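> So that we are looking at the same thing, I have put the structure below in structure tokens.
The values are calculated or read from the model by the stated rules, or taken from the named source; none is laboratory data. What you see is a predicted model, and the numbers here were worked out from it, not measured in a lab. With ideal geometry, Cβ positions are generated from the backbone for all residues, glycine too; neighbour counts draw on all protein chains shown. Heavy atoms of the whole protein, side chains included, go into the accessibility calculation; ligands, DNA and RNA do not. Shrake-Rupley method; radii C 1.70, N 1.55, O 1.52, S 1.80 Å.
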Amino acid sequence: MKNNLSGGKIGFCLIHYGLVFSFFFNANILFAQDGSLDWLINTAAMEGKDALGKHPRGLILPEEAPGIRESIQSGAYREQLENWMLQEANLKEEIKAMASFDARKTAELAEHQSVLYLFTGESSWAVKAFQNLEAVFEDKVVFDNPVARGLTRAALLQSMAITYDFCYQAWDQPQRNLVNRQLYKTLYATQASMGFDANYSLVSNWMGVRWGAVLFAGLVWDNPDPGSRSIADPLIWDASKRLTDHLKENIYPQGWNAESMGYHIYNWSFIGPALIAFQNRQGKDYPVLDTFAPQAKHALKAMASTMVNIPVKPGITGVKPDLSDDNLNIGEGLLAMGLRLYPDSQLPAIKWMHDYLGEKSLFSVLYDQGNLKAENPENRNWLNHADTTQGLVVFRKSFEGAEDIVALFNVSQKRIAGHKGPDVNTFRIIGGGVPLAIGAGRTGLVAGQTNLFTKKPDENEKGDNSAGKLLDFAFDGQGSGHALGSGSSMGVDEQLRKFTVAYDAETGAEAVFLVEDFSVNGRIWRLNTPEFNQVTLLEEGFLIQTPSGFTLQAKVLNATKPLSVSKSSIRYGGNTSRLNPGILWQGQAYSHSTSIDIAIKGNSKVLLVLQAPGKQQPRVLSTETNVQVGSLEIPLFNSKSNENTVQP
């Protein structure tokens with residue numbers, strides 16, 4: 001189904017903790033307080049003192065502003081100015097239509113207007129931004145509530161800080177003083193708590209959002225009493241340490257994110273600006289990743305190797321594998337921030353991916369100034385990647401366009417106190433302009449997973465969070481290779497799966513995938529594909545026909561006949577409604593996947609052949625020891641032979 005985003009020794013005090021807790025349990029008292037957090041954080045000593053500092057200094061430095069303004073007025077990003085104005089107008093109308101005041105959206109509007117001031121130099125935008133922040137400062141639901149939902153409050157804080165930093169030069173001193181004062185209050189409250197609903201585990205993206213927003217805001221805040229130490233400095237020191245601790249847990253040594261890619265992109269929309277602001281304070285050439293997260297230097301290769309520039313909806317391009325409880329979408333900004341933060345040696349490949357995915361975010365305008373030559377990541381050995389902490393292996397054929405082919409094998413070798421889905425011993429395939437083999441989306445339910453099951457799963461059935469084990473993997477240097485894993489999220493005993501990928505021309509196909517399973521009680525082999533792909537059941541397997549004309553034909557090797565194959569419709573994202581975009585593709589949102597089930601008895605060998613439009617499927621011959629596709633022979637796995645299993 002389808003359906004048409006720094007120091008001063010200033011006196012301040014906190015109410016005794018016991019009184020604070022009494023407020024938590026009495027909402028009427030909490031929301032009756034006046035003075036926009038003055039009841040909790042007394043900043044009266046700031047009265048009459050001016051917020052003075054060099055601006056902008058968060059996302060950019062003052063000397064960069066004229067060049068950015070010039071390039072957006074006449075250069076390649078002229079269209080971006082028009083788009084930003086349209087977004088501002090649409091956001092304003094959205095807010096106007098709301099039944100009640102939304103502080104988060106209003107702060108976002110102020111941020112949009114501050115960016116338009118940066119782009120145009122027209123002070124009217126800064127005036128509008130200040131007026132919107134004044135309205136935010138009267139809000140009692142989020143702004144004046146120190147235990148409001150932390151992700152919302154952190155986003156509000158970041159928008160306030162960006163607006164203050166960009167509009168500082170256009171505001172008069174009283175306006176600067178007011179926003180600076182309110183910024184400190186929100187900074188302090190966010191540093192103190194992320195509210196009742198937060199995941200306070202160090203690995204969780206909630207903590208990256210928290211410390212990223214606090215660090216960025218602290219770095220652009222101005223000390224009204226320059227003769228004394230800054231009351232923001234302890235917050236900056238603490239946020240820096242906590243953010244470093246978080247990143248050590250959240251990003252594995254080989255670059256993969258512990259919660260998966262979508263959560264990394266969201267997390268870095270707060271962490272990235274914070275690291276850039278820290279780098280700006282130290283000097284533009286300061287190696288900030290070496291200080292905060294050396295392992296993050298591998299993250300863009302790890303994740304970009306899986307991304308394909310398939311259009312999903314107007315203005316947004318890019319599809320990625322949906323591991324964990326993640327979805328297929330990518331979002332913007334990650335690669336453009338990489339142009340500012342990452343080592344010079346990686347920048348040509350990052351630039352290539354930035355352009356390949358068509359990123360046009362604010363960060364693109366700020367950091368992609370057209371003086372960097374892109375280089376195909378294939379030349380930098382980005383076709384394959386392995387993360388032996390996660391237990392994940394990537395096989396990619398090329399970096400050319402929307403029809404690029406990516407296959408991924410995952411065993412979820414480490415389980416965390418954050419986002420994690422039932423995805424042990426699964427695989428994903430993107431190719432021919434569409435997602436082909438997908439997961440369940442933003443849910444812990446298993447029916448939408450591509451995996452082995454003991455029976456046909458119920459739609460409300462959940463998997464377990466046991467970890468798998470990556471036993472072996474190898475690459476051939478051209479994107480092809482294999483991986484071997486053990487374990488199950490579905491209660492399958494002694495499951496062993498080998499996933500082989502062949503991009504060799506000798507196959508006569510675009511790609512060949514061999515999935516070999518061994519188990520005690522596996523009874524259903526399941527693959528999920530988006531509902532816009534047409535599925536035909538065959539005597540020896542099934543055929544997926546994509547809207548782009550590519551076909552993926554499955555053949556069960558050496559199967560006992562008659563073969564039982566069936567299909568059903570599964571809601572993508574399970575029962576999740578909030579933050580469940582569905583399957584976005586070519587401007588539409590699709591709500592379901594098609595589950596294809598093959599009945600097995602413990603073991604199975606399923607060959608998947610991807611072919612281009614108008615081409616015949618190659619000849620397939622199989623024996624007990626190998627399968628031949630075209631003129632390429634692929635040996636079958638002997639699960640009883642230890643020589644085939646090597647620890648990675």
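> Of everything in region 425-464 that's more than 29 Å from Gly318 (Cα to Cα) and polar (S, T, N, Q), which residue is surrounded by the fewest Cβ atoms within 10 Å (Cβ to Cβ)?
The residue in question is Asn460.
> Looking at Ala103, Ala99, can you tell me which residue is at pLDDT 95 or above and open to solvent by less than 30 Å² (accessible area, probe 1.4 Å)?
Ala103
> Answer yes or no: is there a residue in region 255-262 that is touching a helix residue (DSSP H, G or I) at 6+ places or on another chain (Cβ under 7 Å), farther than 27 Å from Ser305 by Cβ and open to solvent by less than 20 Å² (accessible area, probe 1.4 Å).
no
> Let me ask something else about it. Regarding Ile276, is this residue farther than 25 Å from Gly444 by Cβ and part of a helix (DSSP H, G or I)?
Considered against the rule, which asks whether it is farther than 25 Å from Gly444 by Cβ and part of a helix (DSSP H, G or I), Ile276 comes out as yes.
> For region 364-393, name all the residues that are open to solvent by 10 Å² or more (accessible area, probe 1.4 Å), of a type in the set (Asp, Glu) and under 23 Å from the mean Cα position of the chain (by Cα).
Within region 364-393, Asp368, Glu378 qualify.
> Residue by residue through region 240-260, note down the ones that are among the acidic types (Asp, Glu) and more than 19 Å from Ala277 (Cα to Cα).
Of everything in region 240-260, those that are among the acidic types (Asp, Glu) and more than 19 Å from Ala277 (Cα to Cα) turn out to be Glu249, Glu259.
> Given the conditions (1) under 33 Å from the mean Cα position of the chain (by Cα); (2) within 15 Å of Ala612 (Cβ to Cβ); (3) not basic (Lys, Arg), which single one is not true for Gly508?
(1)
> Also: Can you name every residue in region 364-423 that is closer than 17 Å to Glu510 by Cα and touching an Asp or Glu at 6+ places or on another chain (Cβ under 6 Å)?
Listed by number, the residues that qualify are Ser398, Phe399.
> Ok, one more. Within region 164-182, is there a residue that is under 24 Å from the mean Cα position of the chain (by Cα), at pLDDT 95 or above and of a type in the set (A, V, I, L, M)?
No, region 164-182 contains no residue that is under 24 Å from the mean Cα position of the chain (by Cα), at pLDDT 95 or above and of a type in the set (A, V, I, L, M).
> Any idea which of (1) modelled with pLDDT under 95; (2) closer than 17 Å to Ser361 by Cα; (3) surrounded by fewer than 19 Cβ atoms within 10 Å (Cβ to Cβ) is the one Pro66 doesn't satisfy?
(2)
> Filter region 292-314 down to the residues that are surrounded by fewer than 21 Cβ atoms within 10 Å (Cβ to Cβ) and assigned to a helix (DSSP H, G or I) and list them by number.
Pro294, Gln295, Lys297, His298
Conditions tested, residue by residue: (1) of a type in the set (Gly, Ala, Ser); (2) over 22 Å from Ala65 (Cβ atoms).
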site: Asn327; (1), (2): no, yes
site: Leu341; (1), (2): no, no
site: Met353; (1), (2): no, yes
site: Tyr356; (1), (2): no, yes
site: Leu366; (1), (2): no, no
site: Gly370; (1), (2): yes, no
site: Trp382; (1), (2): no, yes
site: Gly391; (1), (2): yes, yes
site: Phe395; (1), (2): no, yes
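> Same structure, new question: Could you please let me know if Thr317 is of a type in the set (Ser, Thr, Tyr), part of a loop (DSSP other than H, G, I, E, B) and closer than 26 Å to Gly441 by Cα?
So Thr317 does not fit the description; no.
> Inspect region 370-388 for any residue being under 30 Å from Ser577 (Cβ atoms) and either in contact with a Phe, Trp or Tyr (Cβ under 7 Å, 6 or more places away or on another chain) or modelled with pLDDT of 95 or more (or both) and give the result as yes or no.
Of the residues in region 370-388, the ones under 30 Å from Ser577 (Cβ atoms) are none.
No.
> Quick one: what pairs do we get from region 78-91, first residue within 15 Å of Leu366 (Cα to Cα), second open to solvent by less than 50 Å² (accessible area, probe 1.4 Å) and among the small types (Gly, Ala, Ser), C-beta under 8 Å, 6+ apart or different chains?
Close Cβ pairs satisfying both conditions: Gln80/Ser364.
> Can you find, within region 270-286, the residue that is farthest from Asn205 (Cα to Cα) among those that are open to solvent by 40 Å² or more (accessible area, probe 1.4 Å) and either in contact with a Lys or Arg (Cβ under 8 Å, 6 or more places away or on another chain) or not basic (Lys, Arg) (or both)?
That would be Asp285.
> While we're on this one: Please work out which residue is least open to solvent (accessible area, probe 1.4 Å), limiting yourself to region 394-416 and to residues that are in contact with a Phe, Trp or Tyr (Cβ under 9 Å, 6 or more places away or on another chain) and farther than 19 Å from Ala502 by Cα.
Restricting to residues being in contact with a Phe, Trp or Tyr (Cβ under 9 Å, 6 or more places away or on another chain) and farther than 19 Å from Ala502 by Cα, the top hit is Gly401.
> Of the residues Gly315, Gly283, Gly262, which single one is small (Gly, Ala, Ser) and either under 14 Å from the mean Cα position of the chain (by Cα) or at pLDDT 95 or above (or both)?
Every option except Gly262 fails the conditions.
> Can you tell me which residue in region 413-464 is nearest to Phe542 (Cα to Cα), limited to those that are of a type in the set (Lys, Arg) and in a strand (DSSP E or B)?
The residue in question is Arg428.
> For region 69-90, give me each residue that is open to solvent by 10 Å² or more (accessible area, probe 1.4 Å) and among the aliphatic types (A, V, I, L, M).
Correct list: Ala76, Met85, Leu86, Ala89.
> Now, a different point. Could you check region 62-102 and list, in sequence order, the residues that are in contact with a Ser or Thr (Cβ under 8 Å, 6 or more places away or on another chain) and over 17 Å from Trp125 (Cα atoms)?
Hits for region 62-102 are Tyr77, Ile95.
> Answer yes or no: is there a residue in region 623-641 that is open to solvent by less than 60 Å² (accessible area, probe 1.4 Å), assigned to a loop (DSSP other than H, G, I, E, B), over 28 Å from His482 (Cα atoms) and modelled with pLDDT under 95.
There is no residue in region 623-641 that is open to solvent by less than 60 Å² (accessible area, probe 1.4 Å), assigned to a loop (DSSP other than H, G, I, E, B), over 28 Å from His482 (Cα atoms) and modelled with pLDDT under 95.
> Could you tell me which numbered condition Arg442 fails, if it satisfies all but one of (1) under 28 Å from Thr551 (Cβ atoms); (2) modelled with pLDDT under 95; (3) touching a helix residue (DSSP H, G or I) at 6+ places or on another chain (Cβ under 9 Å)?
Exception for Arg442: condition (1).
> Leu289 - would you say it is surrounded by 24 or more Cβ atoms within 10 Å (Cβ to Cβ) and within 21 Å of Gln346 (Cα to Cα)?
No, not satisfied.
> Any residue at all in region 425-437 that's charged (D, E, K, R), farther than 27 Å from Gly549 by Cβ and out of contact with any Lys or Arg (no Cβ under 7 Å at 6 or more places or on another chain)? Steps first, please.
Step one: filter region 425-437 for residues charged (D, E, K, R), giving 428.
Then keep just the ones that are farther than 27 Å from Gly549 by Cβ; that gives none.
No, because not a single residue in region 425-437 is charged (D, E, K, R), farther than 27 Å from Gly549 by Cβ and out of contact with any Lys or Arg (no Cβ under 7 Å at 6 or more places or on another chain).
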